[in-house]
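Peer 1: Before I ask anything, here is the structure I am working with.
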Amino acid sequence: MKDLSVDNLLGIKQLNENDINIIFETADSFKRVINRPIRKVPTLRDITIANLFFENSTRTKLSFELAQKRLSADIINFSAGSSSLKKGETLIDTVNNILSMKVDIVVMRHPLPGAHQFLSRHIDAKIINAGDGTHEHPTQALLDCYSIRERLGSLKGKKVVIVGDIMHSRVALSNIFALQKLGAKVMVCGPTTLIPKYISQIGVLVENNLKKALEWCDVANMLRIQLERQDISYFPSLREYKTLYGLSKPMLDKINKDIIVMHPGPINRGVEITSEVADSSNSIILDQVENGVAIRMAIIYLLSSKINRI
Ligand code: CP
């Protein structure tokens with residue numbers, strides 16, 4: 001079996017192009033499995049996985065759980081709202097208590113950037129980052145790139161624009177790293193106030209005009225405005241944002257080519273994207289969700305081969 005160069009999935013930054021291709025090839029096999037009449041394999045019968053969600057999630061949590069069930073792993077689930085964290089327990093104590101129940105892999109979402117890196121220095125279980133604050137969301141970026149690869153064959157030389165709230169988005173940063181490692185050209189588009197100043201220094205193009213960005217790209221990845229992470233106002237009103245950066249059918253019709261439209265979810269219909277576009281033939285939003293299960297099966301499978309119980 002081909003081996004990943006990492007023992008944990010902390011972020012896309014730590015992966016190389018070969019790692020990403022190994023994950024994609026493994027996901028290809030698992031995609032065939034989940035489309036068979038019997039959608040389950042016994043591969044991870046002896047593996048126990050803890051899903052630790054210190055922040056809300058719908059897609060990522062369900063997708064990881066389904067991936068684990070399809071691989072026949074044992075699962076325990078934890079969410080911060082109902083935990084002893086509220087009684088003052090530290091992250092390391094919480095995780096070590098869970099690990100003493102003989103857990104092999106931890107899938108964690110946490111609001112603090114770097115929480116997974118910190119945890120990896122203190123525990124032996126394999127760690128998969130399901131989102132750390134505004135930092136990285138590696139499995140989302142992998143499923144996004146896998147979905148583009150499925151449509152366009154390869155990422156090399158493809159032009160991808162990420163539109164919206166780049167400043168507060170872990171999806172944007174992980175996508176930028178993954179797309180660049182796979183040879184795609186990356187642009188971000190949005191109001192200047194929502195684009196980090198460092199972005200052009202990491203080889204990303206910046207465009208404030210959505211029409212020009214759409215004319216340039218093969219793929220548009222539309223992001224949600226993350227109001228829950230904004231402590232000040234970054235633009236005058238949602239109405240103005242929608243007028244300047246919302247993707248609508250008339251705007252798609254104005255550009256003279258067929259582009260692929262993506263969204264990591266959750267969608268705010270009528271703000272960053274209209275329902276007409278989200279549900280159109282340009283959209284691969286539901287393919288992204290389907291591919292998320294195969295990608296997460298691949299990552300869990302590849303990291304499980306590195307578990308050392310001796
Ligand atoms: N795309 C994504 O991370 O969605 P959730 O927050 O619902 O997991």
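The values are calculated or read from the model by the stated rules, or taken from the named source; none is laboratory data. All figures in this text were calculated on a predicted structure; none of them were measured in a lab. Using ideal geometry, Cβ is built from the backbone for each residue, glycine included, and neighbour counts are taken over all protein chains shown.
Peer 1: Quick check, is V103 within 19 Å of S305 (Cβ to Cβ) and in contact with a Ser or Thr (Cβ under 6 Å, 6 or more places away or on another chain)?
Peer 2: When the stated conditions are applied, V103 passes them.
Peer 1: So, one more: Could you please tell me which pairs satisfy a Cβ distance under 6 Å, a separation of 6+ or placement on different chains, a first residue in the range 24-46 that is part of a loop (DSSP other than H, G, I, E, B), and a second residue that is crowded, with 17+ Cβ neighbours inside 10 Å and among the small types (G, A, S)?
Peer 2: Every condition considered, the pairs that remain are L44/A73; L44/S304.
Peer 1: Turning to a different aspect of this structure: Looking at I148, I199, I166 in this structure, which one is touching a strand residue (DSSP E or B) at 6+ places or on another chain (Cβ under 8 Å), farther than 17 Å from L252 by Cα and assigned to a loop (DSSP other than H, G, I, E, B)?
Peer 2: Among I148, I199, I166, only I166 is touching a strand residue (DSSP E or B) at 6+ places or on another chain (Cβ under 8 Å), farther than 17 Å from L252 by Cα and assigned to a loop (DSSP other than H, G, I, E, B).
Peer 1: Which is surrounded by fewer than 22 Cβ atoms within 10 Å (Cβ to Cβ) and in a helix (DSSP H, G or I), of Q180, Q140?
Peer 2: Q180
Peer 1: If you scan the range 15-43, which residues turn out to be closer than 25 Å to L119 by Cβ and surrounded by fewer than 17 Cβ atoms within 10 Å (Cβ to Cβ)?
Peer 2: The answer is N16, and nothing else.
Peer 1: With respect to L4, determine if the residue is surrounded by 16 or more Cβ atoms within 10 Å (Cβ to Cβ) and touching a His at 6+ places or on another chain (Cβ under 6 Å).
Peer 2: Judged against the criteria, L4 is not a match.
Peer 1: Further question: Against the conditions (1) out of contact with any Cys (no Cβ under 7 Å at 6 or more places or on another chain); (2) among the β-branched types (V, I, T); (3) modelled with pLDDT of 95 or more, where does V160 fall short? Just the number, please.
Peer 2: (1)
Peer 1: Just to be sure I understand the filter: pairs with C-beta atoms under 9 Å, separated by 6 or more residues or on different chains, first member in the range 253-276 and more than 20 Å from R151 (Cβ to Cβ), second member of a type in the set (F, W, Y) and at pLDDT below 95. Which pairs pass?
Peer 2: From residues that are more than 20 Å from R151 (Cβ to Cβ), the pairs are V271/Y241; E272/Y241.
Peer 1: Which ranges mark the strands (runs of 3 or more DSSP E) fully within the range 204-310 that have 1 or more residues being away from the ligand (no atom under 16 Å from the Cβ) and of a type outside the set (V, I, T)?
Peer 2: The qualifying strands (runs of 3 or more DSSP E) are 205-207, 219-222.
Peer 1: Okay, moving on. Looking at F53, F78, F64, which one is over 26 Å from L15 (Cβ atoms) and within 16 Å of the ligand (Cβ to nearest atom)?
Peer 2: One residue alone meets the criteria, F78.
Peer 1: Can you find a residue in the range 200-219 that is under 19 Å from G292 (Cβ atoms) and modelled with pLDDT of 95 or more?
Peer 2: The answer is yes, given that some residue of the range 200-219 is under 19 Å from G292 (Cβ atoms) and modelled with pLDDT of 95 or more.
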